[in-house]
Each structure stands twice: as C-alpha cells, then as structure tokens.
Amino acid sequence: MNVTRAVLPVMRKQRSGHVVSISSMAGLVGQEFCSAYAASKFGVEGWMESIRFEIEPFGIRTTIVEPGFFRTELLEEASTIWAELSIDDYAERTAQTKPAWQATSGQQSNDPAKLAKALVTLVDSGQPPLRWVAGADLRTAEQKARDLLAQIEAHRDLSASLTHDDAMPANA
C-alpha cells in the first residue's frame with residue numbers, strides 16, 4: 001500500500017500507469033491454519049478492487065495477481081515460522097497439517113520464472129484484467145466462484161425479501 005501511495009501522484013500527473021499487486025489464491029479462498037495470511041491477502045484484494053474506481057479516471061489500471069502454489073522459498077524451513085501451539089484443541093490437526101505443508105515445499109507445480117514472463121505479457125497486452133488467477137491450479141478459484149453462486153441461489157428469496165416495504169425494487 002505504501003509503494004502504491006508513493007507512485008500514485010506521479011501516475012495521476014502523467015495520466016497513466018498500472019498498479020500490479022501480488023495477492024494469492026489465499027486472497028480468494030481461506031484455508032485451515034492460514035487465517036492471518038488469508039486475512040492479509042483478502043485485504044489486498046478489497047483494497048485493489050476498490051481503489052481502481054478512484055484511479056481509473058486518471059488512466060491508471062490495476063491488476064491483482066492471484067498465484068496458486070509456485071515453487072518459491074515460501075514453504076522452506078528457513079522462511080517458515082510455525083506458531084507455538086497454545087490451544088490443545090488444535091494439537092491433533094496441527095500435527096497432521098504441518099508435515100503436509102512441509103512435504104509440499106519444493107514440489108509446487110507452478111514455475112515462478114514462467115509467472116514473471118507471463119505477467120509481463122499480460123501487462124503489455126493492452127487489456128490487463130482486474131484479477132489474474134495465475135498458475136495451473138485454477139480449479140480452486142473456479143470452485144470458489146461456483147460455491148458463491150450456489151450460496152446466492154440457495155438464499156435468493158430470503159435475501160430479496162429484506163428491503164423496506166417503501167423501497168424501490170432492486171434487481172434481485
């Protein structure tokens with residue numbers, strides 16, 4: 001956010017620019033034992049989605065990159081901090097989850113060098129998207145979209161019934 005705030009005055013003055021933020025698949029889909037990480041990524045998603053309305057009139061585009069699992073140092077022992085277990089109720093699941101994450105390190109299917117090249121191609125395309133789900137593990141994002149639509153449909157009538165009686169009908 002600080003880097004974006006620092007460059008926006010220049011971009012507004014030149015009436016052009018492109019802000020690219022790196023989020024994560026965790027910015028779309030929460031996971032067990034990743035709540036703080038996911039919260040930070042959900043925050044990036046909301047901020048970027050909202051700021052675009054403020055800066056697009058100045059010719060500034062935004063893209064949120066939502067990478068899946070890429071073979072980076074994220075899960076390597078030197079860059080991973082495991083919180084001290086303080087709630088016994090989580091001990092069994094933590095004992096199962098930690099080795100599973102550790103086994104994933106170095107086995108992620110996506111190549112970060114290819115991501116970098118693809119991102120340059122996307123930014124130079126002339127029509128970069130607001131969101132780019134990056135990586136071969138697209139099914140997670142697709143499932144989230146299907147789940148959200150199903151949840152809307154399952155409760156459509158109840159949701160639509162919540163307007164004031166004197167309000168104009170909304171597009172339900």
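Of note:
- Restricting attention to segment 121-141, the residues that are under 22 Å from VAL44 (Cα atoms) and open to solvent by 90 Å² or more (accessible area, probe 1.4 Å) total 2.
- Selection count where residues are open to solvent by 80 Å² or more (accessible area, probe 1.4 Å) and at pLDDT below 80, scope segment 77-119: 10
- Against the test of being over 22 Å from the mean Cα position of the chain (by Cα) and modelled with pLDDT of 90 or more, the options MET11, MET48 yield a single qualifying residue, MET11.
- Pairs where the first residue, in segment 30-57, is at negative phi and the second is small (Gly, Ala, Ser) and in a loop (DSSP other than H, G, I, E, B), C-beta under 6 Å, 6+ apart: ALA38/GLY30; LYS41/SER23; LYS41/SER24; VAL44/SER23; GLU45/SER23
- Cβ separations smaller than 7 Å between residues 6+ apart or across chains give the following pairs from segment 85-96 residues that are free of Cβ contacts under 8 Å to residues at least 60 places away in the same chain to residues that are part of a helix (DSSP H, G or I) and open to solvent by less than 90 Å² (accessible area, probe 1.4 Å): LEU85/ALA91; LEU85/THR94.
- Candidates SER23, SER40, filtered to the one that is hydroxyl-bearing (Ser, Thr, Tyr) and out of contact with any Lys or Arg (no Cβ under 9 Å at 6 or more places or on another chain): SER40
The values are calculated or read from the model by the stated rules, or taken from the named source; none is laboratory data. This is a predicted model, so every value here is computed, not measured. We place every Cβ from the backbone using ideal geometry, glycine too, and count neighbours over all the protein chains shown. Ligands, DNA and RNA are stripped out before the accessible areas are found, and what is left, the full protein with its side chains, is counted by its heavy atoms. Shrake-Rupley method; radii C 1.70, N 1.55, O 1.52, S 1.80 Å.
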